[in-house]
Amino acid sequence: MARGSTAAPADRSPASASKSAFLWVFGAVFAVSVALSLRTAQVDPRLLVEGSTLANVARFVRGLFPPQLSREFLGLMLRPALETVQISVVGTAIAILIGVPLGLVATASLTWRGVLHERASRVARWGLGFVPYVVSRGALSVFRSIPEYVWAFMFVRAVGLGPFPGVLAIGVAYGGMLGKVYSEILEGVNPRPLETLQAAGASRLGVVLYGLVPQALPNVIAYTLYRWECAIRASALLGFVGAGGLGQQIELSMRMFQFDEVLTLLAILFVLVATVDFISGRIRAWVV
Amino acid sequence: MYELRSIRKVFGDGSVAVDDISLAIGRGEHVAFIGPSGAGKTTLFRMLNLTLRPSAGALLLDGGEVAALSDAELRRARARIGTIYQQQNLVGRLRVVHNVLAGNLGRWSTPTALASLIRPRGTADAERALARVGIPEKLYARTDELSGGQQQRVAIARVLIQDPDIILADEPVSSVDPSLAVTIVTLLRDLSHESRKTLLMNLHSVELALTYFPRVVGVRDGRVVFDLAPDKVSGELLADLYAGHRDEEAQLEQIQDGTRLYGGACRPLAGFGK
(Lines give C-alpha, C1' and ligand atoms only; values in the text may rest on other atoms or scores of the structure.)
Protein backbone atom coordinates (compact mmCIF):
# COMPACT_ATOMS: atom_id res chain seq x y z
CA MET A 1 0.00 0.00 0.00
CA ALA A 2 2.75 2.42 1.08
CA ARG A 3 4.85 1.55 -1.92
CA GLY A 4 1.91 2.08 -4.22
CA SER A 5 1.23 5.59 -2.91
CA THR A 6 4.84 6.77 -3.36
CA ALA A 7 4.99 5.35 -6.86
CA ALA A 8 1.69 6.82 -7.97
CA PRO A 9 2.64 10.53 -8.49
CA ALA A 10 5.77 9.62 -10.47
CA ASP A 11 3.66 7.39 -12.68
CA ARG A 12 0.94 9.90 -13.12
CA SER A 13 2.77 12.92 -14.57
CA PRO A 14 3.90 11.45 -17.92
CA ALA A 15 0.55 9.74 -18.35
CA SER A 16 -1.42 12.94 -17.73
CA ALA A 17 0.94 14.95 -19.92
CA SER A 18 0.37 12.65 -22.87
CA LYS A 19 -3.31 12.68 -22.09
CA SER A 20 -3.59 16.48 -22.20
CA ALA A 21 -1.44 16.62 -25.34
CA PHE A 22 -3.88 14.20 -26.91
CA LEU A 23 -6.78 16.40 -25.86
CA TRP A 24 -5.18 19.46 -27.46
CA VAL A 25 -4.46 17.67 -30.72
CA PHE A 26 -7.89 16.12 -30.75
CA GLY A 27 -9.54 19.47 -29.99
CA ALA A 28 -7.63 21.21 -32.79
CA VAL A 29 -8.46 18.51 -35.34
CA PHE A 30 -12.10 18.63 -34.28
CA ALA A 31 -12.31 22.44 -34.60
CA VAL A 32 -10.67 22.47 -38.03
CA SER A 33 -12.88 19.68 -39.35
CA VAL A 34 -16.03 21.41 -38.11
CA ALA A 35 -14.96 24.65 -39.78
CA LEU A 36 -14.23 22.90 -43.08
CA SER A 37 -17.42 20.83 -42.92
CA LEU A 38 -19.57 23.88 -42.33
CA ARG A 39 -18.63 25.08 -45.80
CA THR A 40 -18.93 21.77 -47.59
CA ALA A 41 -22.22 20.92 -45.88
CA GLN A 42 -23.52 24.32 -46.97
CA VAL A 43 -24.65 25.27 -43.51
CA ASP A 44 -26.16 28.74 -43.69
CA PRO A 45 -28.14 29.86 -40.63
CA ARG A 46 -29.44 32.89 -42.54
CA LEU A 47 -31.58 30.56 -44.62
CA LEU A 48 -33.55 29.68 -41.49
CA VAL A 49 -34.78 33.23 -41.00
CA GLU A 50 -35.11 34.20 -44.62
CA GLY A 51 -38.59 35.29 -45.75
CA SER A 52 -39.13 32.46 -48.21
CA THR A 53 -38.18 29.81 -45.59
CA LEU A 54 -40.60 31.20 -43.07
CA ALA A 55 -43.30 31.37 -45.71
CA ASN A 56 -42.67 27.72 -46.58
CA VAL A 57 -42.87 26.67 -42.95
CA ALA A 58 -46.04 28.67 -42.47
CA ARG A 59 -47.58 27.11 -45.56
CA PHE A 60 -46.71 23.63 -44.32
CA VAL A 61 -48.02 24.19 -40.80
CA ARG A 62 -51.20 25.85 -42.09
CA GLY A 63 -51.60 22.97 -44.51
CA LEU A 64 -51.54 20.41 -41.67
CA PHE A 65 -54.77 21.78 -40.25
CA PRO A 66 -57.49 20.75 -40.26
CA PRO A 67 -56.37 17.12 -40.62
CA GLN A 68 -57.98 15.12 -43.40
CA LEU A 69 -60.66 13.13 -41.59
CA SER A 70 -63.10 12.39 -44.40
CA ARG A 71 -64.60 8.93 -44.21
CA GLU A 72 -63.33 8.16 -47.67
CA PHE A 73 -59.72 9.00 -46.85
CA LEU A 74 -59.75 7.13 -43.55
CA GLY A 75 -61.28 4.13 -45.30
CA LEU A 76 -58.54 4.22 -47.90
CA MET A 77 -55.83 4.42 -45.23
CA LEU A 78 -57.08 1.38 -43.33
CA ARG A 79 -55.22 -0.93 -45.65
CA PRO A 80 -51.81 0.82 -45.47
CA ALA A 81 -52.12 0.98 -41.67
CA LEU A 82 -52.84 -2.72 -41.51
CA GLU A 83 -50.02 -3.29 -43.96
CA THR A 84 -47.57 -1.48 -41.69
CA VAL A 85 -48.51 -3.76 -38.79
CA GLN A 86 -48.29 -6.82 -41.01
CA ILE A 87 -44.88 -5.81 -42.37
CA SER A 88 -43.60 -5.48 -38.83
CA VAL A 89 -45.07 -8.82 -37.72
CA VAL A 90 -43.89 -10.84 -40.71
CA GLY A 91 -40.56 -9.00 -40.75
CA THR A 92 -40.00 -9.82 -37.08
CA ALA A 93 -41.01 -13.44 -37.72
CA ILE A 94 -38.40 -13.71 -40.48
CA ALA A 95 -35.87 -11.99 -38.21
CA ILE A 96 -36.54 -14.69 -35.60
CA LEU A 97 -36.10 -17.43 -38.22
CA ILE A 98 -32.75 -15.91 -39.17
CA GLY A 99 -31.68 -14.86 -35.69
CA VAL A 100 -32.39 -18.09 -33.76
CA PRO A 101 -30.22 -20.52 -35.74
CA LEU A 102 -27.42 -18.05 -36.41
CA GLY A 103 -27.58 -16.81 -32.82
CA LEU A 104 -27.34 -20.35 -31.43
CA VAL A 105 -24.32 -21.15 -33.61
CA ALA A 106 -22.76 -17.79 -32.66
CA THR A 107 -22.95 -18.73 -28.96
CA ALA A 108 -19.52 -19.90 -27.80
CA SER A 109 -20.93 -21.88 -24.88
CA LEU A 110 -23.09 -23.89 -27.27
CA THR A 111 -20.55 -24.53 -30.01
CA TRP A 112 -17.07 -24.88 -28.59
CA ARG A 113 -16.49 -23.56 -25.08
CA GLY A 114 -17.59 -24.48 -21.56
CA VAL A 115 -19.22 -27.40 -19.77
CA LEU A 116 -21.08 -28.77 -22.77
CA HIS A 117 -17.86 -29.52 -24.63
CA GLU A 118 -15.71 -31.00 -21.90
CA ARG A 119 -14.95 -34.13 -23.89
CA ALA A 120 -15.06 -32.84 -27.46
CA SER A 121 -11.94 -33.61 -29.45
CA ARG A 122 -9.81 -30.76 -30.70
CA VAL A 123 -10.87 -31.43 -34.29
CA ALA A 124 -14.58 -31.42 -33.42
CA ARG A 125 -14.15 -28.26 -31.38
CA TRP A 126 -12.63 -26.45 -34.35
CA GLY A 127 -14.40 -27.96 -37.33
CA LEU A 128 -17.88 -28.33 -35.87
CA GLY A 129 -17.65 -25.55 -33.31
CA PHE A 130 -15.29 -22.69 -33.81
CA VAL A 131 -15.43 -22.34 -37.58
CA PRO A 132 -19.26 -22.20 -37.86
CA TYR A 133 -19.23 -19.92 -34.83
CA VAL A 134 -16.98 -17.39 -36.56
CA VAL A 135 -18.89 -17.66 -39.85
CA SER A 136 -22.27 -16.99 -38.25
CA ARG A 137 -20.86 -14.13 -36.14
CA GLY A 138 -19.61 -12.61 -39.37
CA ALA A 139 -22.95 -13.08 -41.16
CA LEU A 140 -24.83 -11.54 -38.23
CA SER A 141 -22.60 -8.49 -38.17
CA VAL A 142 -22.97 -7.95 -41.92
CA PHE A 143 -26.77 -8.26 -41.61
CA ARG A 144 -27.06 -5.70 -38.85
CA SER A 145 -24.37 -3.25 -39.92
CA ILE A 146 -26.33 -2.40 -43.10
CA PRO A 147 -29.32 -0.29 -42.05
CA GLU A 148 -32.79 -1.67 -42.78
CA TYR A 149 -33.40 1.40 -44.95
CA VAL A 150 -30.53 0.40 -47.25
CA TRP A 151 -31.67 -3.22 -47.27
CA ALA A 152 -35.15 -2.06 -48.31
CA PHE A 153 -33.65 0.02 -51.09
CA MET A 154 -31.82 -3.03 -52.44
CA PHE A 155 -34.82 -5.34 -52.07
CA VAL A 156 -37.06 -2.86 -53.90
CA ARG A 157 -34.62 -3.11 -56.80
CA ALA A 158 -34.68 -6.89 -56.54
CA VAL A 159 -38.36 -7.77 -56.03
CA GLY A 160 -40.12 -4.53 -56.96
CA LEU A 161 -42.31 -2.07 -55.04
CA GLY A 162 -44.71 -3.13 -52.28
CA PRO A 163 -44.63 -4.51 -48.76
CA PHE A 164 -42.48 -7.56 -49.57
CA PRO A 165 -39.14 -5.69 -49.82
CA GLY A 166 -40.00 -4.02 -46.50
CA VAL A 167 -40.59 -7.39 -44.89
CA LEU A 168 -37.29 -8.72 -46.23
CA ALA A 169 -35.40 -5.62 -45.11
CA ILE A 170 -36.69 -5.89 -41.55
CA GLY A 171 -36.17 -9.65 -41.54
CA VAL A 172 -32.51 -9.45 -42.55
CA ALA A 173 -31.43 -6.37 -40.57
CA TYR A 174 -33.30 -7.36 -37.42
CA GLY A 175 -32.30 -11.00 -37.82
CA GLY A 176 -28.73 -9.78 -37.46
CA MET A 177 -29.55 -7.84 -34.32
CA LEU A 178 -31.64 -10.60 -32.75
CA GLY A 179 -28.98 -13.24 -33.43
CA LYS A 180 -26.26 -11.12 -31.87
CA VAL A 181 -28.29 -10.32 -28.78
CA TYR A 182 -29.56 -13.91 -28.40
CA SER A 183 -25.98 -15.15 -28.35
CA GLU A 184 -25.02 -12.52 -25.78
CA ILE A 185 -27.95 -13.49 -23.55
CA LEU A 186 -27.08 -17.19 -23.81
CA GLU A 187 -23.43 -16.58 -23.03
CA GLY A 188 -24.31 -14.32 -20.12
CA VAL A 189 -26.21 -16.92 -18.08
CA ASN A 190 -24.83 -18.08 -14.76
CA PRO A 191 -22.68 -21.15 -15.52
CA ARG A 192 -22.90 -22.62 -11.99
CA PRO A 193 -26.34 -24.22 -12.39
CA LEU A 194 -25.12 -25.75 -15.64
CA GLU A 195 -22.17 -27.40 -13.91
CA THR A 196 -24.46 -28.57 -11.13
CA LEU A 197 -26.78 -30.30 -13.59
CA GLN A 198 -23.83 -31.84 -15.40
CA ALA A 199 -22.48 -33.11 -12.08
CA ALA A 200 -25.84 -34.82 -11.44
CA GLY A 201 -25.47 -36.79 -14.68
CA ALA A 202 -27.70 -34.69 -16.94
CA SER A 203 -27.21 -35.09 -20.67
CA ARG A 204 -26.12 -32.10 -22.68
CA LEU A 205 -29.69 -31.46 -23.80
CA GLY A 206 -30.78 -31.83 -20.19
CA VAL A 207 -28.29 -29.14 -19.16
CA VAL A 208 -29.60 -26.88 -21.93
CA LEU A 209 -33.28 -27.47 -21.06
CA TYR A 210 -33.00 -27.13 -17.28
CA GLY A 211 -30.10 -24.70 -16.96
CA LEU A 212 -29.64 -22.59 -20.06
CA VAL A 213 -33.15 -22.12 -21.46
CA PRO A 214 -34.94 -21.08 -18.26
CA GLN A 215 -32.24 -18.54 -17.49
CA ALA A 216 -32.20 -17.06 -20.98
CA LEU A 217 -35.78 -17.33 -22.24
CA PRO A 218 -37.37 -14.33 -20.47
CA ASN A 219 -34.67 -12.01 -21.78
CA VAL A 220 -34.91 -13.51 -25.26
CA ILE A 221 -38.68 -12.90 -25.35
CA ALA A 222 -38.36 -9.39 -23.95
CA TYR A 223 -35.73 -8.38 -26.47
CA THR A 224 -37.69 -9.89 -29.38
CA LEU A 225 -40.75 -7.86 -28.38
CA TYR A 226 -38.64 -4.74 -28.13
CA ARG A 227 -37.40 -5.37 -31.66
CA TRP A 228 -41.01 -5.73 -32.83
CA GLU A 229 -41.71 -2.25 -31.44
CA CYS A 230 -38.76 -0.94 -33.43
CA ALA A 231 -39.96 -2.82 -36.50
CA ILE A 232 -43.29 -1.03 -36.63
CA ARG A 233 -41.52 2.33 -36.59
CA ALA A 234 -39.07 1.11 -39.21
CA SER A 235 -41.81 -0.28 -41.44
CA ALA A 236 -43.33 3.20 -41.61
CA LEU A 237 -39.99 4.64 -42.58
CA LEU A 238 -39.33 1.97 -45.19
CA GLY A 239 -42.39 3.12 -47.11
CA PHE A 240 -40.38 6.14 -48.21
CA VAL A 241 -38.30 3.95 -50.50
CA GLY A 242 -41.41 2.29 -51.88
CA ALA A 243 -41.75 -0.59 -49.46
CA GLY A 244 -45.46 -0.17 -48.82
CA GLY A 245 -47.41 0.68 -45.69
CA LEU A 246 -48.13 4.03 -44.10
CA GLY A 247 -44.72 5.40 -45.01
CA GLN A 248 -45.47 5.16 -48.69
CA GLN A 249 -48.75 7.07 -48.17
CA ILE A 250 -46.96 9.75 -46.15
CA GLU A 251 -44.45 10.14 -48.92
CA LEU A 252 -47.17 10.36 -51.58
CA SER A 253 -49.17 12.97 -49.65
CA MET A 254 -46.01 14.99 -49.02
CA ARG A 255 -45.22 15.01 -52.68
CA MET A 256 -48.77 16.11 -53.53
CA PHE A 257 -48.59 18.89 -50.88
CA GLN A 258 -51.57 17.30 -49.10
CA PHE A 259 -50.27 18.18 -45.63
CA ASP A 260 -53.68 17.65 -44.02
CA GLU A 261 -53.39 13.98 -45.01
CA VAL A 262 -49.84 13.87 -43.63
CA LEU A 263 -51.09 14.95 -40.21
CA THR A 264 -53.76 12.24 -40.22
CA LEU A 265 -51.24 9.61 -41.25
CA LEU A 266 -48.80 10.67 -38.54
CA ALA A 267 -51.61 10.42 -35.99
CA ILE A 268 -52.47 6.90 -37.19
CA LEU A 269 -48.81 5.93 -36.95
CA PHE A 270 -48.62 7.34 -33.44
CA VAL A 271 -51.63 5.28 -32.34
CA LEU A 272 -50.15 2.12 -33.89
CA VAL A 273 -46.77 2.57 -32.23
CA ALA A 274 -48.34 3.40 -28.87
CA THR A 275 -50.59 0.32 -29.06
CA VAL A 276 -47.72 -1.99 -29.92
CA ASP A 277 -45.59 -0.47 -27.13
CA PHE A 278 -48.40 -1.07 -24.70
CA ILE A 279 -49.02 -4.67 -25.75
CA SER A 280 -45.37 -5.69 -25.72
CA GLY A 281 -44.80 -3.85 -22.47
CA ARG A 282 -47.55 -5.90 -20.85
CA ILE A 283 -46.16 -9.17 -22.19
CA ARG A 284 -42.65 -8.29 -21.04
CA ALA A 285 -43.83 -7.39 -17.56
CA TRP A 286 -45.58 -10.76 -17.42
CA VAL A 287 -42.63 -12.81 -18.70
CA VAL A 288 -39.67 -11.33 -16.81
CA MET B 1 -15.74 -46.50 -3.21
CA TYR B 2 -13.14 -43.83 -3.98
CA GLU B 3 -9.45 -44.33 -4.38
CA LEU B 4 -7.18 -41.37 -5.04
CA ARG B 5 -3.57 -41.93 -6.02
CA SER B 6 -1.35 -38.86 -5.96
CA ILE B 7 -4.06 -36.63 -7.39
CA ARG B 8 -2.86 -33.24 -8.60
CA LYS B 9 -4.71 -30.32 -10.17
CA VAL B 10 -2.95 -27.41 -11.84
CA PHE B 11 -5.18 -24.74 -13.38
CA GLY B 12 -4.60 -22.98 -16.66
CA ASP B 13 -2.99 -20.00 -14.91
CA GLY B 14 -0.36 -22.28 -13.36
CA SER B 15 -1.78 -22.21 -9.83
CA VAL B 16 -1.59 -25.55 -8.02
CA ALA B 17 -4.94 -26.15 -6.29
CA VAL B 18 -4.36 -29.76 -5.30
CA ASP B 19 -0.74 -30.79 -5.00
CA ASP B 20 -0.61 -34.45 -4.07
CA ILE B 21 -3.52 -36.20 -2.41
CA SER B 22 -3.87 -39.93 -1.85
CA LEU B 23 -6.94 -41.23 -0.05
CA ALA B 24 -9.18 -44.25 0.12
CA ILE B 25 -12.82 -43.87 1.10
CA GLY B 26 -15.04 -46.88 1.65
CA ARG B 27 -18.73 -47.37 0.93
CA GLY B 28 -21.00 -45.78 3.50
CA GLU B 29 -18.20 -43.84 5.17
CA HIS B 30 -18.77 -40.35 6.53
CA VAL B 31 -15.76 -38.07 6.11
CA ALA B 32 -15.35 -34.37 6.91
CA PHE B 33 -12.70 -32.26 5.19
CA ILE B 34 -11.39 -29.23 7.05
CA GLY B 35 -8.65 -26.73 6.36
CA PRO B 36 -8.04 -23.05 5.72
CA SER B 37 -9.70 -21.35 2.77
CA GLY B 38 -7.69 -21.84 -0.40
CA ALA B 39 -6.44 -25.25 0.76
CA GLY B 40 -7.88 -26.93 -2.34
CA LYS B 41 -10.93 -28.56 -0.74
CA THR B 42 -13.42 -27.27 -3.30
CA THR B 43 -11.17 -28.27 -6.20
CA LEU B 44 -10.82 -31.72 -4.63
CA PHE B 45 -14.61 -32.02 -4.48
CA ARG B 46 -15.02 -30.94 -8.08
CA MET B 47 -12.70 -33.77 -9.03
CA LEU B 48 -14.57 -36.17 -6.79
CA ASN B 49 -17.90 -35.31 -8.47
CA LEU B 50 -16.22 -35.87 -11.83
CA THR B 51 -16.71 -32.38 -13.25
CA LEU B 52 -13.01 -31.53 -13.07
CA ARG B 53 -10.30 -33.83 -14.36
CA PRO B 54 -7.10 -34.28 -12.36
CA SER B 55 -3.96 -32.99 -14.10
CA ALA B 56 -2.01 -35.97 -12.79
CA GLY B 57 -2.55 -39.04 -10.66
CA ALA B 58 -5.33 -41.59 -10.77
CA LEU B 59 -8.92 -41.23 -9.56
CA LEU B 60 -10.68 -44.56 -9.16
CA LEU B 61 -14.39 -44.99 -8.54
CA ASP B 62 -15.35 -48.50 -7.48
CA GLY B 63 -12.00 -49.71 -8.78
CA GLY B 64 -12.46 -48.21 -12.25
CA GLU B 65 -10.26 -45.44 -13.60
CA VAL B 66 -12.52 -42.38 -14.13
CA ALA B 67 -10.39 -40.99 -16.98
CA ALA B 68 -11.10 -44.17 -18.97
CA LEU B 69 -14.90 -43.88 -18.83
CA SER B 70 -16.86 -43.36 -22.04
CA ASP B 71 -19.29 -40.44 -22.27
CA ALA B 72 -22.27 -42.60 -21.35
CA GLU B 73 -20.40 -44.29 -18.48
CA LEU B 74 -19.27 -40.92 -17.18
CA ARG B 75 -22.88 -39.71 -17.17
CA ARG B 76 -24.00 -42.83 -15.29
CA ALA B 77 -21.18 -42.42 -12.78
CA ARG B 78 -22.11 -38.78 -12.22
CA ALA B 79 -25.74 -39.71 -11.64
CA ARG B 80 -24.54 -41.80 -8.68
CA ILE B 81 -22.90 -38.77 -7.07
CA GLY B 82 -25.04 -35.99 -5.62
CA THR B 83 -23.40 -32.63 -4.97
CA ILE B 84 -24.56 -29.84 -2.68
CA TYR B 85 -22.69 -26.61 -3.24
CA GLN B 86 -21.81 -23.64 -1.11
CA GLN B 87 -23.88 -21.42 -3.35
CA GLN B 88 -27.15 -23.06 -4.15
CA ASN B 89 -26.59 -23.20 -7.92
CA LEU B 90 -30.31 -23.42 -8.60
CA VAL B 91 -32.08 -21.77 -11.52
CA GLY B 92 -33.87 -18.92 -9.78
CA ARG B 93 -36.48 -18.40 -12.46
CA LEU B 94 -37.72 -21.97 -12.36
CA ARG B 95 -40.25 -23.10 -9.82
CA VAL B 96 -38.97 -25.13 -6.90
CA VAL B 97 -40.61 -28.28 -8.27
CA HIS B 98 -38.47 -28.20 -11.44
CA ASN B 99 -35.25 -27.55 -9.55
CA VAL B 100 -36.02 -30.53 -7.33
CA LEU B 101 -37.06 -32.79 -10.20
CA ALA B 102 -33.83 -31.89 -12.03
CA GLY B 103 -32.36 -34.59 -9.77
CA ASN B 104 -33.96 -37.03 -12.23
CA LEU B 105 -31.99 -35.77 -15.22
CA GLY B 106 -29.43 -38.53 -14.87
CA ARG B 107 -32.11 -41.14 -15.72
CA TRP B 108 -34.69 -39.21 -17.71
CA SER B 109 -34.64 -39.22 -21.49
CA THR B 110 -34.69 -35.83 -23.16
CA PRO B 111 -38.40 -36.02 -24.17
CA THR B 112 -39.33 -36.94 -20.59
CA ALA B 113 -37.24 -34.08 -19.24
CA LEU B 114 -38.89 -31.66 -21.67
CA ALA B 115 -42.39 -32.95 -20.90
CA SER B 116 -41.78 -32.52 -17.19
CA LEU B 117 -40.94 -28.86 -17.67
CA ILE B 118 -44.43 -28.39 -19.08
CA ARG B 119 -46.26 -30.76 -16.76
CA PRO B 120 -44.13 -31.76 -13.74
CA ARG B 121 -43.69 -35.52 -13.49
CA GLY B 122 -43.52 -37.19 -10.10
CA THR B 123 -44.63 -34.21 -8.04
CA ALA B 124 -45.49 -36.51 -5.13
CA ASP B 125 -41.81 -37.51 -4.87
CA ALA B 126 -40.74 -33.90 -5.06
CA GLU B 127 -43.20 -32.98 -2.34
CA ARG B 128 -41.98 -35.82 -0.12
CA ALA B 129 -38.38 -34.69 -0.62
CA LEU B 130 -39.32 -31.13 0.30
CA ALA B 131 -41.19 -32.40 3.34
CA ARG B 132 -38.01 -34.15 4.49
CA VAL B 133 -36.15 -30.86 4.40
CA GLY B 134 -39.03 -29.04 6.04
CA ILE B 135 -40.49 -26.87 3.28
CA PRO B 136 -43.26 -28.90 1.55
CA GLU B 137 -45.37 -25.76 1.06
CA LYS B 138 -42.77 -24.25 -1.32
CA LEU B 139 -43.33 -26.82 -4.10
CA TYR B 140 -44.66 -24.30 -6.62
CA ALA B 141 -42.88 -21.19 -5.34
CA ARG B 142 -40.44 -19.42 -7.61
CA THR B 143 -36.98 -20.46 -6.47
CA ASP B 144 -35.48 -16.97 -6.41
CA GLU B 145 -38.17 -15.86 -3.97
CA LEU B 146 -36.85 -18.21 -1.26
CA SER B 147 -34.32 -17.25 1.41
CA GLY B 148 -30.74 -18.55 1.29
CA GLY B 149 -31.45 -21.27 3.84
CA GLN B 150 -34.59 -22.39 2.01
CA GLN B 151 -32.70 -22.58 -1.27
CA GLN B 152 -30.08 -24.76 0.40
CA ARG B 153 -32.92 -27.09 1.44
CA VAL B 154 -34.17 -27.18 -2.14
CA ALA B 155 -30.67 -28.23 -3.22
CA ILE B 156 -30.77 -31.04 -0.67
CA ALA B 157 -34.24 -32.09 -1.84
CA ARG B 158 -32.85 -32.35 -5.36
CA VAL B 159 -30.13 -34.69 -4.13
CA LEU B 160 -32.82 -36.74 -2.39
CA ILE B 161 -34.62 -37.14 -5.72
CA GLN B 162 -31.36 -38.02 -7.40
CA ASP B 163 -30.87 -40.71 -4.72
CA PRO B 164 -27.13 -41.11 -5.30
CA ASP B 165 -24.72 -43.57 -3.69
CA ILE B 166 -22.39 -40.75 -2.71
CA ILE B 167 -23.24 -37.30 -1.37
CA LEU B 168 -20.64 -34.57 -1.69
CA ALA B 169 -21.44 -31.41 0.27
CA ASP B 170 -19.09 -28.48 -0.31
CA GLU B 171 -19.50 -26.13 2.65
CA PRO B 172 -23.27 -26.65 2.67
CA VAL B 173 -23.84 -24.56 5.78
CA SER B 174 -21.59 -21.54 5.31
CA SER B 175 -24.50 -19.35 4.19
CA VAL B 176 -27.15 -20.37 6.70
CA ASP B 177 -27.71 -19.38 10.31
CA PRO B 178 -26.28 -21.45 13.20
CA SER B 179 -29.34 -23.45 14.23
CA LEU B 180 -30.00 -24.40 10.62
CA ALA B 181 -26.34 -25.38 10.17
CA VAL B 182 -26.68 -28.16 12.72
CA THR B 183 -30.05 -29.18 11.27
CA ILE B 184 -28.61 -29.49 7.77
CA VAL B 185 -25.48 -31.37 8.84
CA THR B 186 -27.46 -33.85 10.94
CA LEU B 187 -30.08 -34.20 8.20
CA LEU B 188 -27.42 -35.10 5.63
CA ARG B 189 -25.76 -37.45 8.11
CA ASP B 190 -29.02 -39.24 8.94
CA LEU B 191 -30.10 -39.49 5.32
CA SER B 192 -26.76 -40.99 4.34
CA HIS B 193 -26.76 -43.29 7.31
CA GLU B 194 -30.18 -44.84 6.74
CA SER B 195 -29.59 -45.58 3.05
CA ARG B 196 -25.89 -46.40 3.52
CA LYS B 197 -24.70 -43.57 1.32
CA THR B 198 -21.14 -42.33 1.41
CA LEU B 199 -21.06 -38.77 2.75
CA LEU B 200 -18.16 -36.39 2.17
CA MET B 201 -18.45 -32.87 3.51
CA ASN B 202 -16.22 -29.79 3.33
CA LEU B 203 -16.67 -27.78 6.49
CA HIS B 204 -15.46 -24.39 7.51
CA SER B 205 -16.48 -25.20 11.07
CA VAL B 206 -14.02 -27.40 12.93
CA GLU B 207 -16.53 -28.05 15.65
CA LEU B 208 -19.21 -29.39 13.31
CA ALA B 209 -16.61 -31.67 11.73
CA LEU B 210 -15.33 -33.02 15.05
CA THR B 211 -18.85 -33.43 16.48
CA TYR B 212 -20.65 -35.17 13.65
CA PHE B 213 -18.04 -37.13 11.69
CA PRO B 214 -16.14 -40.31 12.58
CA ARG B 215 -13.29 -39.43 10.23
CA VAL B 216 -11.76 -35.99 9.74
CA VAL B 217 -9.26 -35.10 7.01
CA GLY B 218 -7.18 -31.93 7.35
CA VAL B 219 -6.16 -30.33 4.04
CA ARG B 220 -3.63 -27.56 3.63
CA ASP B 221 -1.84 -26.28 0.50
CA GLY B 222 -3.33 -29.05 -1.61
CA ARG B 223 -2.06 -31.85 0.63
CA VAL B 224 -3.53 -34.06 3.33
CA VAL B 225 -2.05 -32.99 6.68
CA PHE B 226 -3.88 -35.53 8.82
CA ASP B 227 -6.57 -38.19 8.40
CA LEU B 228 -7.83 -39.22 11.83
CA ALA B 229 -10.76 -40.02 14.07
CA PRO B 230 -12.05 -36.82 15.74
CA ASP B 231 -10.79 -37.75 19.22
CA LYS B 232 -7.26 -38.08 17.79
CA VAL B 233 -7.34 -34.57 16.31
CA SER B 234 -5.35 -32.55 18.83
CA GLY B 235 -5.31 -28.82 19.34
CA GLU B 236 -1.74 -28.80 18.05
CA LEU B 237 -2.72 -30.44 14.77
CA LEU B 238 -5.50 -27.90 14.31
CA ALA B 239 -3.19 -25.00 15.15
CA ASP B 240 -0.71 -26.21 12.52
CA LEU B 241 -3.51 -26.75 10.01
CA TYR B 242 -4.74 -23.19 10.30
CA ALA B 243 -1.41 -21.47 11.05
CA GLY B 244 -1.23 -18.09 9.36
CA HIS B 245 -4.97 -17.94 8.64
CA ARG B 246 -6.26 -15.43 11.17
CA ASP B 247 -10.00 -15.98 10.95
CA GLU B 248 -9.72 -19.68 11.46
CA GLU B 249 -7.19 -19.33 14.26
CA ALA B 250 -9.64 -17.10 16.08
CA GLN B 251 -12.24 -19.80 15.61
CA LEU B 252 -9.96 -22.31 17.36
CA GLU B 253 -9.40 -19.99 20.32
CA GLN B 254 -13.12 -19.53 20.72
CA ILE B 255 -13.68 -23.26 20.59
CA GLN B 256 -11.09 -23.68 23.34
CA ASP B 257 -12.74 -20.90 25.36
CA GLY B 258 -16.10 -22.51 24.83
CA THR B 259 -17.53 -19.14 23.75
CA ARG B 260 -18.59 -20.27 20.36
CA LEU B 261 -21.25 -22.85 19.91
CA TYR B 262 -20.98 -24.11 16.36
CA GLY B 263 -17.83 -22.63 14.95
CA GLY B 264 -17.24 -20.52 11.90
CA ALA B 265 -19.70 -22.24 9.62
CA CYS B 266 -22.44 -20.40 11.40
CA ARG B 267 -21.33 -16.89 10.61
CA PRO B 268 -24.27 -15.58 8.58
CA LEU B 269 -23.17 -14.04 5.31
CA ALA B 270 -24.45 -10.66 4.22
CA GLY B 271 -28.01 -10.99 3.01
CA PHE B 272 -28.74 -14.13 4.95
CA GLY B 273 -30.16 -12.97 8.24
CA LYS B 274 -32.12 -15.10 10.64
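The values are calculated or read from the model by the stated rules, or taken from the named source; none is laboratory data. This is a predicted model, so every value here is computed, not measured. Reconstructed Cβ throughout: ideal geometry from the backbone, glycine too, with neighbour counts over all protein chains shown.
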Mind checking whether some residue in the range A:245-256 is of a type in the set (K, R) and over 25 Å from A:R59 (Cα atoms)? no
Among the candidates A:A243, A:A216, which residue alone is more than 7 Å from chain B (Cβ to nearest Cβ) and at pLDDT below 90? A:A243
Which helices (runs of 4 or more DSSP H) sit wholly inside the range B:65-130 and have at least 3 residues that are surrounded by fewer than 22 Cβ atoms within 10 Å (Cβ to Cβ) and not basic (K, R)? B:71-79, B:110-118
Within the range B:15-42, how many residues turn out to be hydrophobic (A, V, I, L, M, F, W, C) and touching a helix residue (DSSP H, G or I) at 6+ places or on another chain (Cβ under 6 Å)? 5
Here's a check for you: in the range B:32-64, which residue that is in a loop (DSSP other than H, G, I, E, B) and at the interface with chain A (Cβ under 10 Å from one of its Cβ atoms) is surrounded by the most Cβ atoms within 10 Å (Cβ to Cβ)? B:N49
Filter the range B:69-89 down to residues that are among the hydroxyl-bearing types (S, T, Y) and at the interface with chain A (Cβ under 7 Å from one of its Cβ atoms), then give me how many there are. 2
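Matching residues to (1) under 18 Å from the mean Cα position of the chain (by Cα); (2) under 30 Å from A:P193 (Cα atoms):
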residue	(1), (2)
A:F73	no, no
A:L102	yes, yes
A:S109	no, yes
A:R119	no, yes
A:R125	no, yes
A:Y149	yes, no
A:G166	yes, no
A:G171	yes, no
Matching helices (runs of 4 or more DSSP H) fully within the range A:32-117 where at least 2 residues are closer than 24 Å to A:F259 by Cβ: A:46-49, A:51-64, A:71-105
Failed condition for A:Y210, given (1) over 22 Å from A:P132 (Cβ atoms); (2) of a type in the set (F, W, Y); (3) more than 7 Å from chain B (Cβ to nearest Cβ), with all others met? (3)
Across the range A:179-207, what is the number of residues that are hydrophobic (A, V, I, L, M, F, W, C) and either on the phi > 0 side of the Ramachandran plot or within 7 Å of chain B (Cβ to nearest Cβ) (or both)? 5
When (1) surrounded by 19 or more Cβ atoms within 10 Å (Cβ to Cβ); (2) within 14 Å of chain B (Cβ to nearest Cβ); (3) assigned to a helix (DSSP H, G or I) are applied to A:A234, the one that fails is (2)
Which of (1) within 8 Å of another protein chain (Cβ to nearest Cβ); (2) more than 25 Å from A:A120 (Cβ to Cβ); (3) at pLDDT 90 or above is the odd one out, the single condition B:T112 does not satisfy? (1)
